[in-house]
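The values are calculated or read from the model by the stated rules, or taken from the named source; none is laboratory data. Since we're looking at a predicted model, the values are computed, not measured. Don't worry about glycine lacking a Cβ; one is built from the backbone with ideal geometry, like all the others, and counts go over all protein chains shown. Remember, those area values only see protein heavy atoms, side chains included, never the ligands or the DNA or RNA. Shrake-Rupley method; radii C 1.70, N 1.55, O 1.52, S 1.80 Å.
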Amino acid sequence: MQRNGRSLPETVLLSIRGRKARKAMSTPRKRTEGAEMVVASYNVHKCIGVDRKFDPERTARVIREISPDVIALQEADNRFGDRAGLLDLNRLEIETGLVPVPITGNGKAHGWRGNVLLFKRGTVRDVHQIRLPGLEPRGALVAEIDLDEHRTLRVIAAHLGLLRRSRSEQARVVLDIMSSLDERPTLLLGDLNEWRLGNRSALNTLHTTFGPSPPAVPTFPSGLPMLALDRIMGNRHGMVSAVEAHDTPLSRVASDHLPLTAFVHL
């Protein structure tokens with residue numbers, strides 16, 4: 001039954017048709033005219049692929065394929081136990097130039113509640129680690145990065161919950177973050193776990209700040225993407241363009257999500 005938007009069966013059918021029309025991307029994308037940054041969001045599924053193999057090096061190879069300037073990772077730490085980080089961040093820095101936004105008080109973990117934000121150029125001015133409400137331990141990482149002497153970019157990296165009520169509450173927290181800060185260029189990157197586009201969607205809550213969502217791009221499951229769970233959104237018109245799934249033979253097996261990429265114009 002359909003309520004305020006496409007039903008799940010209709011969404012699945014459209015996703016299958018759309019996949020047939022999309023060309024797989026096997027090389028790093030070329031920047032469009034005027035595009036200043038390549039950004040990405042990637043749920044790495046604790047570096048466990050669809051073949052059930054734990055392979056952090058394979059995850060790193062997917063990141064190298066994308067060649068991003070900024071990338072938000074979800075599920076980059078063990079969920080239980082010592083919650084240690086799973087990637088070799090030192091090697092990733094050598095190979096890609098990406099460095100993690102620093103966090104505090106999180107032991108051996110790479111990020112905040114599984115969220116890791118990596119960037120290639122600039123200086124981190126400020127970082128906030130936000131606890132998101134809900135039954136699951138979810139969080140958002142908010143970083144302000146000085147790209148040069150004149151430009152600062154705010155990035156919110158988030159992983160929202162599986163329950164619809166929790167996602168709505170968490171989206172309101174994201175809006176509170178925005179309302180308490182000045183209106184500088186801001187990106188929202190992450191696995192928002194929301195495929196709905198109607199009134200029941202948590203994305204509706206974000207429209208007041210981020211405007212209408214860019215076209216939904218299916219990223220889950222990676223072998224046959226049907227649901228647009230991952231999102232890249234900007235708070236200024238025309239800021240985000242060319243949103244695509246990074247669909248390659250390697251990315252289809254490295255995680256149950258495909259990475260989502262976009263160009264950002266500042």
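Within the bounds of the stretch 54-69, is there any residue that is part of a strand (DSSP E or B) and over 17 Å from Leu118 (Cβ atoms)? Give the steps one after another, and end with the answer.
Quick first cut of the stretch 54-69, residues part of a strand (DSSP E or B) only: 54.
Narrowing further to those that are over 17 Å from Leu118 (Cβ atoms): 54.
Yes, the stretch 54-69 has at least one match.
Got a number for residues in the stretch 132-153 being touching a strand residue (DSSP E or B) at 6+ places or on another chain (Cβ under 9 Å) and without any contact (Cβ under 8 Å) to a residue 12 or more places away in the chain?
0
Can you tell me which residues in the stretch 24-44 are buried (at least 18 other Cβ atoms within 10 Å of the Cβ) and modelled with pLDDT of 60 or more? Write out each step before concluding.
If we filter the stretch 24-44 for residues that are buried (at least 18 other Cβ atoms within 10 Å of the Cβ), which is where we start, we get 29, 37-44.
Matches in the stretch 24-44: Met37, Val38, Val39, Ala40, Ser41, Tyr42, Asn43, Val44.
When residues of the stretch 70-99 are filtered for being surrounded by fewer than 19 Cβ atoms within 10 Å (Cβ to Cβ) and in contact with a Phe, Trp or Tyr (Cβ under 8 Å, 6 or more places away or on another chain), how many remain?
Narrowing the stretch 70-99 to residues surrounded by fewer than 19 Cβ atoms within 10 Å (Cβ to Cβ): 78-84, 88-91, 93-97, 99.
This time we only want the ones that are in contact with a Phe, Trp or Tyr (Cβ under 8 Å, 6 or more places away or on another chain), so: 99.
Here the count works out to 1.
Sort out which residues of the stretch 140-166 are among the β-branched types (Val, Ile, Thr) and open to solvent by less than 20 Å² (accessible area, probe 1.4 Å), and write them in order of number.
Let us first name the residues in the stretch 140-166 that are among the β-branched types (Val, Ile, Thr), namely 142, 145, 152, 155-156.
Within the stretch 140-166, Val142, Ile145, Val155, Ile156 qualify.
Quick one: count up the residues across the stretch 100-139 that are surrounded by fewer than 17 Cβ atoms within 10 Å (Cβ to Cβ) and either in contact with a helix residue (DSSP H, G or I) (Cβ under 6 Å, 6 or more places away or on another chain) or part of a helix (DSSP H, G or I) (or both).
Qualifying residue count, the stretch 100-139: 1.
Please determine, by comparing only the residues of the stretch 140-158 that are in a loop (DSSP other than H, G, I, E, B) and among the acidic types (Asp, Glu), which one is nearest to Val99 (Cα to Cα).
We begin by selecting, within the stretch 140-158, every residue in a loop (DSSP other than H, G, I, E, B); these are 147-151.
Subsequent filtering for residues that are among the acidic types (Asp, Glu) retains 148-149.
Details: Asp148: 17, Glu149: 20 Å.
Step by step, filter the stretch 140-158, then rank; the result is Asp148.
So the check is Cβ under 6 Å with 6+ separation or different chains; which pairs have a first residue in the stretch 104-128 that's on the phi > 0 side of the Ramachandran plot and a second one that's of a type in the set (S, T, N, Q) and open to solvent by less than 80 Å² (accessible area, probe 1.4 Å)?
Every condition considered, the pairs that remain are Gly114/Gln74.
Name the residue that is farthest from Ile66 (Cα to Cα), counting only residues in the stretch 86-99 that are out of contact with any Leu (no Cβ under 6 Å at 6 or more places or on another chain) and part of a loop (DSSP other than H, G, I, E, B).
Of everything passing the filter in the stretch 86-99, Leu86 is farthest from Ile66 (Cα to Cα).
Please work out which residue is farthest from Arg200 (Cα to Cα), limiting yourself to the stretch 132-150 and to residues that are at pLDDT below 90 and out of contact with any Lys or Arg (no Cβ under 7 Å at 6 or more places or on another chain).
If we take residues in the stretch 132-150 being at pLDDT below 90 and out of contact with any Lys or Arg (no Cβ under 7 Å at 6 or more places or on another chain), then Glu149 is farthest from Arg200 (Cα to Cα).
Could you tell me whether any residue of the stretch 66-74 is on the phi > 0 side of the Ramachandran plot and at pLDDT below 95?
Step one: list which residues in the stretch 66-74 are on the phi > 0 side of the Ramachandran plot, which gives 67.
Of the ones still in play, those that are also at pLDDT below 95 are none.
Checking the stretch 66-74: not a single residue is on the phi > 0 side of the Ramachandran plot and at pLDDT below 95.
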